[in-house]
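Heads up, the thing below is written out as structure tokens.
The values are calculated or read from the model by the stated rules, or taken from the named source; none is laboratory data. Quick caveat, the model's predicted, so the values are computed rather than measured. Glycine gets a Cβ as well: all are built from the backbone with ideal geometry, and neighbour counts include every protein chain shown. Surface areas here come from the heavy atoms of the whole protein model, side chains and all, with no ligands, DNA or RNA. Shrake-Rupley method; radii C 1.70, N 1.55, O 1.52, S 1.80 Å.
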Amino acid sequence: MPKTTARGDVEQSELPSTLQRSEEKAQRTFAEAHDAALEQYDGDEQRAYRVAYAALKHSYEKVGDHWEAKARRGPSDERAEHGGPDARGETAEGVDANASKEHLLGIARRLDISGRSRMTKGELVEAIKKRNRRESARARG
């Protein structure tokens, strides 16, 4: 189902809940990429979602229950680096796993993740992913 109206406006009710709580540019990035992919791939909804999330994760990272602009554009994890329909590698579920450890510590601090100062970069990514899932579920009610 298209994520934009005939006039090109984002259809709020069609967006994933984490995007409904995100800034307008993130919503537009996802919606426009989704709709373009839906048209290009003959209505393949699953593929359109993958394309839309890939586009979103290039410029945004998931923080808690919403998406925030990244300081630098680029792939956010191993899977995004390889891209394409047969992408390999692990996904970080919107966490910018390619960011510096200092950046990840800052995100962990904002999310109040305990033990963060003793964590490796990989452990920080996993802890943020887990907290993001929990915050998103809580926000959905």
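A few points about this structure:
- Selection within the stretch 39-96 - aromatic (F, W, Y) and farther than 13 Å from T29 by Cβ: Y41, Y49
- All of (1) out of contact with any His (no Cβ under 7 Å at 6 or more places or on another chain); (2) free of Cβ contacts under 8 Å to residues at least 60 places away in the same chain hold for P75 with one exception: (1).
- When the stretch 120-141 is filtered for residues that are over 16 Å from the mean Cα position of the chain (by Cα), under 20 Å from G106 (Cβ atoms) and of a type in the set (D, E, K, R), the ones remaining, listed by number, are K121, E123.
- For the residues R110, R116, the requirement of being over 18 Å from A71 (Cα atoms) and either out of contact with any Gly (no Cβ under 9 Å at 6 or more places or on another chain) or of a type in the set (K, R) (or both) singles out R116.
- Among residues of the stretch 37-77, those that are over 28 Å from R138 (Cα atoms) and in a helix (DSSP H, G or I), counted: 4
- Condition check for S114 on (1) open to solvent by less than 70 Å² (accessible area, probe 1.4 Å); (2) at negative phi: one failure, at (1).
- Against the test of being over 23 Å from E93 (Cβ atoms), basic (K, R) and open to solvent by 60 Å² or more (accessible area, probe 1.4 Å), the options R50, R7, R28 yield a single qualifying residue, R7.
- For the stretch 78-113, filtered to residues that are assigned to a helix (DSSP H, G or I) and in contact (Cβ under 8 Å) with a residue 40 or more places away in the chain, the residue that is farthest from A127 (Cα to Cα) is R110.
- Within the stretch 32-48, residues that are in contact (Cβ under 8 Å) with a residue 24 or more places away in the chain and among the basic types (K, R) have Cβ atoms under 6 Å from residues that are surrounded by 12 or more Cβ atoms within 10 Å (Cβ to Cβ) and not in a helix (DSSP H, G or I) in these pairs: R47/Y41, counting only partners at least 6 apart in sequence or on another chain.
- Odd one out for S22 among (1) at pLDDT 95 or above; (2) in a helix (DSSP H, G or I): (2)
- Looking at E68, E78, just one residue is open to solvent by 30 Å² or more (accessible area, probe 1.4 Å), closer than 18 Å to P16 by Cβ and in contact with a Ser or Thr (Cβ under 9 Å, 6 or more places away or on another chain), and that residue is E68.
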